[in-house]
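The block underneath contains the structure these notes are about, expressed in C-alpha cells.
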Amino acid sequence: MKAQIKDLVQTRLPTEHGEFVLHFYSNTIDKKEHMALVKGDVANRENVPVRIHSECFTGDVLGSRRCDCGEQLAMAMQLIDEMGFGVLIYLRQEGRGIGLLKKLQAYNLQDNGMDTVDANIHLGHLADEREYSIAALMLEKLQIKSIKLMTNNPEKIDAMKKLAINVSGRIPLESVAHDDNVGYLKTKAKKMAHMLFEPKK
C-alpha cells in the first residue's frame, strides 16, 4: 500500500518574514508532525521555490551558532516572502535523522576533536540518515508541477528526483561562516559535497 498523508489543518500564520499558511499533515509512514509553510497560490505552478528543512531544535529555536540551520530557515522564509510564492517544508528529522539526544552527544565528540561526520559514525549512525518521501507526498498534495529547490546539498536534489519530483533548478542558501560554525561548514563541503564556499559569479 502506498504511503499516504492527510492535510489536517490549514491556518494563517503571520511571521517576521511575512504571512504564510501553515499546513499540518498526518501520515502513514511515521507518527511525527510534519508541516509546510505555503505562500501564495502554488497549485499547478512551475518553478516553485521550495525549501525542505529538517528540524534543528538547537539552531531553529535556540539560535545555536554551531550550525547554519536557523539562518537557512530564516533566509528561506524571507526569500519566499520576497518572491511572493513558495513552500517551506518542515520535516521532523532532527540531527540529520539521528535524533536530538544523539546529536547532542555528537556535539560533545566534536568538542573533543571529531568533525560532524565522524561523530555521527562513531555513534553508530550514517553521516546523514534523512529521508524525503513525506516531502515528496506534500508537494504532490499541493499539486506543484516543478520546484526550484533551496539547498546547498546535491544529495537532496538527487533524492527528490528519485522520488519523481521535477526539480527545475537550485536556489543557494549560503549563510555567513564564523568561528563557531566554520569547521562544520567546511566538513559539509569537503565530506558531503555541499555547494559551499563557491566563488561568487
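Since every read-out is calculated from the coordinates, none of them should be taken as a lab result. From a predicted model like this one, the values you see are computed outputs, not experimental measurements. Here Cβ is always computed from backbone atoms with ideal geometry, including for glycine, and neighbour counts include all displayed protein chains.
Got the relative contact order for region 12-74 handy, in percent, Cα pairs under 8 Å and 6 or more residues apart?
Result for region 12-74 is 19 percent.
Mind checking the dipole of the chain: about its Cα centre, +1 per Lys or Arg Cβ, -1 per Asp or Glu Cβ, Debye to the nearest 20?
560 debye
Determine, from the Cβ-Cβ distance of Arg45 and Leu101 and an R0 of 25 Å, the FRET efficiency 1/(1 + (r/R0)^6), rounded to the nearest 0.05.
FRET efficiency, Arg45 to Leu101: 0.05.
Kindly rank 29-35, 152-158 from highest to lowest mean number of other beta carbons found within 10 Å of each residue.
152-158, 29-35
Restricting attention to region 20-60, which chymotrypsin sites (Phe, Trp or Tyr not before Pro) occupy a DSSP loop and are surrounded by at most 12 other Cβ atoms within 10 Å?
In loop regions of region 20-60 (DSSP not H, G, I, E or B), there are no sparsely surrounded chymotrypsin sites (Phe, Trp or Tyr not before Pro).
Would you work out the charge dipole size for region 68-109 about its Cα centre, treating the Cβ of every Lys and Arg as +1 and the Cβ of every Asp and Glu as -1, and quote it to the nearest 20 debye?
Using Cβ point charges on Lys, Arg, Asp and Glu, region 68-109 gives about 380 debye.
From Cα pairs below 8 angstrom and at least 6 apart in sequence, can you work out the relative contact order of the chain, rounded to a whole percent?
21 percent
May I ask which residue of Tyr90, Leu8, Ala135 lies farthest towards the positive end of the charge dipole of region 1-154, with charges of +1 (Lys, Arg) and -1 (Asp, Glu) on Cβ and the Cα centre as origin?
Comparing the listed Cα positions along the dipole, Leu8 ranks first.
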